[in-house]
Amino acid sequence: IVTWGAIGGTLVALMVVLLYGLFRGGWLEAVLAGIAVGMSMLPEEFPVVLTVFMAMGAWRIGKVGVLTRRAAAIETLGSATVLCTDKTGTLTENRMVLAEVWLPSGEKLALDGVAPVSNDCRDLLETAALASAVDPTDPMEIALHNAYSVGVGTGAMSGRPIHTYGLRPDLLAMSN
C-alpha cells in the first residue's frame, strides 16, 4: 500500500509539473508546484499505513484467539513473531502458588496446600515469609505467605522483620 501510494503521489506530482509547465510556461514555478503537491500527499499515507498495521496486528492476534483491550498492545504484538508465556497463572490470574521447597539438607518437598509441614519446612517458610513484605501485594510474596499459613496451620508468625530496606539509588532492591 505504501509503495502504491508513493508511486501514485510521484505520478501526480510529475503530472502537475508537466501540465503547469506546458500550460503556464514557468518551469521553475511548475517544479515548485509539483514539490508542493508531492509534500501535501505525503502526510496522507501515514494514517493509512498505521491503520493497516493496526488492522493486520489485530487480525494476526485474533487468528490465535487472543483478545486485546488496548490499541498499543495490538500495535506491539502485531509485529511479534514469537510470544513466550508461562502456564503458572501469573499472567492470566496474577496469582502464584508455591509448589515445592528445597530444605537446607537437600531434601525436596512438594507442598500440597492442605497438610501441615515438618518443622524444617515450617522454619524455611517462615523465614521466606519474613523476608518478603509484611503486607504483600506481589504474587510471589503472597504465595509465600499463603504457603506459610497453610503449611503451619495458623497465620501468626513468630516474629516480624527486624529491618526493612527500601529502594534506593545505590540499592535497587527491597529486602527485609
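The values are calculated or read from the model by the stated rules, or taken from the named source; none is laboratory data. Predicted model, so just to flag it, every value in this text is computed and none were measured. Backbone-built Cβ (ideal geometry, glycine too); neighbour counts: all protein chains shown. Each accessible area value is taken on the protein alone, full model and side chains, heavy atoms only, with ligands, DNA and RNA left out. Shrake-Rupley method; radii C 1.70, N 1.55, O 1.52, S 1.80 Å.
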Check: Quick one: is Val66 modelled with pLDDT of 75 or more, open to solvent by less than 90 Å² (accessible area, probe 1.4 Å) and either β-branched (Val, Ile, Thr) or in a loop (DSSP other than H, G, I, E, B) (or both)?
Finding: no
Next item on the list: Within the stretch 1-14, work out how many residues are out of contact with any Gly (no Cβ under 8 Å at 6 or more places or on another chain) and either among the small types (Gly, Ala, Ser) or assigned to a helix (DSSP H, G or I) (or both).
Entry: 8
Notebook entry, point to check: With (1) open to solvent by less than 60 Å² (accessible area, probe 1.4 Å); (2) in the same structural domain as Met140 (by the TED database); (3) modelled with pLDDT under 80 as the list, and Ile61 as the residue in question, which single condition is left unmet?
Noted result: (2)
Check: Arg95 fails exactly one of the following numbered conditions: (1) in a loop (DSSP other than H, G, I, E, B); (2) modelled with pLDDT of 65 or more; (3) open to solvent by less than 100 Å² (accessible area, probe 1.4 Å). What is the number of that condition?
Finding: (3)
